[in-house]
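Readers should treat all values here as calculations from the given coordinates under stated rules, not as data from a laboratory. The shown structure was predicted, so the numbers you read here are calculated from the model rather than taken from an experiment. Please note: Cβ atoms are built from the backbone with ideal geometry, for glycine as well, and neighbour counts cover all protein chains shown.
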Amino acid sequence: MSTILGTPPAEPGPARKPRRGDAERILAGELLDAFRASAQTHTEFMARLHGMVVNDVLAVETVALDADGRIFRQWHVAAGAAEICNLSTEEVTVTASGPASGPPTGGVGVSVVPAGAIRIVNLGSRQMTIYGTATDRVSFQVVTRGGILGSTIGAIDGGAP
């Protein structure tokens, strides 16, 4: 058995002075742990500093799509995920990009939410556009943390999506 650094665990007995190579490996491991912790909390810190975000929440809204059949939102910090509740009878398309003349049919950052469904869409972007039919309604909650990958929460009426 060995430690996380690949060295055998210390034997009981008198303490020995670590060799130079052991000390460098221990320091490298501690620096790696500190770097990982920093990377994991960086988005949260940026959200607090730039966006005045409380509890990781960027937006909670129920909206009707405009005459062009879309709604666009943008934030000062990256949005991790959005919970989209499609209140319409038609599917809606969610993108992690700005508005375009029409909804994309596929590609990176594009998700389709079926009619009457609730879905978590991971964004990783400072903007989001929802496309559908003009005047259809959607509810959404956007947070700085990512959601469950490809998660479908269910249908609005509580049945199967």
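Quick rundown of the values:
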{"read-out": "Order by protection proxy (mean Cβ within 10 Å, highest first), peptides 65-73, 125-133", "value": "125-133, 65-73"}
{"read-out": "Extension gain from residue 108 to residue 24, taking 0.36 nm per residue of separation minus the Cα-Cα distance", "value": "26.1 nm"}
{"read-out": "For residue 79, distant residues with modelled amide H under 5 Å away", "value": "124, 125, 126, 127"}
{"read-out": "Share of Cα-Cα pairs in the range 57-143 lying beyond 17 Å, as whole percent", "value": "38 percent"}
{"read-out": "Inter-label distance, nm, simple model (7 Å from Cα along the C-beta direction), residue 62/residue 74", "value": "2.8 nm"}
